[in-house]
Amino acid sequence: MHMFRLMPLFLSVLLFTMVPSCEVEQEEIRCIPEKVNRKISAGTMVTEIIMDHKYMDDRLDRINLSNYQTHSFRYSDDGRLATISRKDVKFFRKVESRLTYDGELVVRADEYVMRLDQFTQEDIDTTLQGYRTYTYEGGRPVEERVYLLNADSKEMALEEVREYTYDEAGNVLQFVSLDDINGDTLEASSFTYDNQHHPFDGLDLLFEGESHVNNILKRTDLVNGDEYVHQIVYSATGYPQQVTIRKNGLSNEEITIFSYTCQ
């Protein structure tokens, strides 16, 4: 917080007279999410999830979810995100992503699944279930290849290829998912955006289909034509305070409310 002293009246008048066109530059306020409350509607059922974000040394340390899950983030000695663990104590299961870098870019994410002891919550066994590889252009991931463990052969097999295109700001403009067996389109979407800060733009997160630069205003499903409009209420700092997603202009599919810590 900046503290200002009141200057004497004659000095303030003198400065105003000498420098009439002087403008005071305001520092940009940066915010990180503290709590995220998400309500998802499916027919008559409404599911609510509260996510509390905890930080350590100015980095995201963990997210405590109200559905018995905890997402933990661990970093290497040089400060890069190294592992993401998603523990579910209700079903005694943990999924962990272990990241490999080429320079500053994540080029592979190995996905492990662990069973947890019902009493100690410690790992009982660990299985590599699959991995993802990333190809970049201009520092942005343009292709993601998804490999999964084949239950019969016990070998890794390419299941899906995801392709991404971007606008000049770095937002994902179009996403296409292709079946590797016959090249069929599994998913495809296009996006439009605002020019405001994304709630997660200050966090070091693994790329999972969204670049977290600006906020989505509309997503169009290019396979079935459905449109998902994002109605955003902004806070005084310009960050989204509430995002309501409506499918084809009808029912509320999802409502997300954000609270932040800003500086």
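The values are calculated or read from the model by the stated rules, or taken from the named source; none is laboratory data. Model, not experiment: these values are computed from the prediction. Positions of Cβ are backbone-derived with ideal geometry, glycine not excepted, and every protein chain shown enters the neighbour counts.
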Find the residue count for the range 177-196, including only residues that are in contact (Cβ under 8 Å) with a residue 24 or more places away in the chain and either of a type in the set (A, V, I, L, M, F, W, C) or in contact with a Pro (Cβ under 8 Å, 6 or more places away or on another chain) (or both).
-> 4
Selection over the range 13-36 where residues are modelled with pLDDT of 80 or more and out of contact with any Ser or Thr (no Cβ under 7 Å at 6 or more places or on another chain) yields a count of 2
Please verify whether the range 122-136 includes one or more residues that are outside any strand (DSSP E or B) and over 18 Å from Ile84 (Cα atoms).
-> no
If you scan the range 207-231, which residues turn out to be farther than 15 Å from Tyr164 by Cα and touching a strand residue (DSSP E or B) at 6+ places or on another chain (Cβ under 7 Å)?
-> Asn214, Asn215, Ile216, Leu217, Lys218, Val223, Asp226, Glu227, Tyr228, Val229, His230, Gln231
Set Glu159, Glu163: member being in contact with a strand residue (DSSP E or B) (Cβ under 6 Å, 6 or more places away or on another chain), surrounded by 15 or more Cβ atoms within 10 Å (Cβ to Cβ), closer than 26 Å to Thr185 by Cα and at pLDDT below 95 | Glu159
Of all residues in the range 45-90, which are at pLDDT 95 or above and of a type in the set (Val, Ile, Thr)?
-> Ile49, Ile50, Ile63, Thr70, Thr83, Ile84
Search result, residues across the range 69-121 that are under 21 Å from Asp204 (Cα atoms), outside any strand (DSSP E or B) and either touching a residue at least 24 places away in the same chain (Cβ under 8 Å) or in contact with an Asp or Glu (Cβ under 8 Å, 6 or more places away or on another chain) (or both) = Arg80, Glu104
Filter the range 233-263 for residues that are under 22 Å from Phe175 (Cα atoms) and of a type in the set (A, V, I, L, M, F, W, C); which is modelled with the lowest pLDDT?
-> Ile245
Selection status of Glu187, acidic (Asp, Glu) and either part of a loop (DSSP other than H, G, I, E, B) or more than 30 Å from Glu137 (Cβ to Cβ) (or both) | no
Could you list, in sequence order, all residues of the range 161-184 that are in a strand (DSSP E or B) and either farther than 16 Å from Phe207 by Cα or in contact with a helix residue (DSSP H, G or I) (Cβ under 7 Å, 6 or more places away or on another chain) (or both)?
-> Leu178, Asp179
Scanning for something within 30 Å of Asp61 (Cβ to Cβ), loosely packed, with under 14 Cβ neighbours inside 10 Å and of a type in the set (Val, Ile, Thr), does the range 219-234 turn up at least one residue?
-> yes
Applying the selection to the range 215-263, what residues are within 29 Å of Cys31 (Cα to Cα), out of contact with any Asp or Glu (no Cβ under 6 Å at 6 or more places or on another chain) and not in a strand (DSSP E or B)?
-> Ser235, Ala236, Thr237, Gly238, Tyr239, Gln263
Criterion violated by Glu143 - all others in (1) crowded, with 16+ Cβ neighbours inside 10 Å; (2) within 19 Å of the chain's Cα centre (by Cα); (3) charged (D, E, K, R); (4) in a strand (DSSP E or B) satisfied | (1)
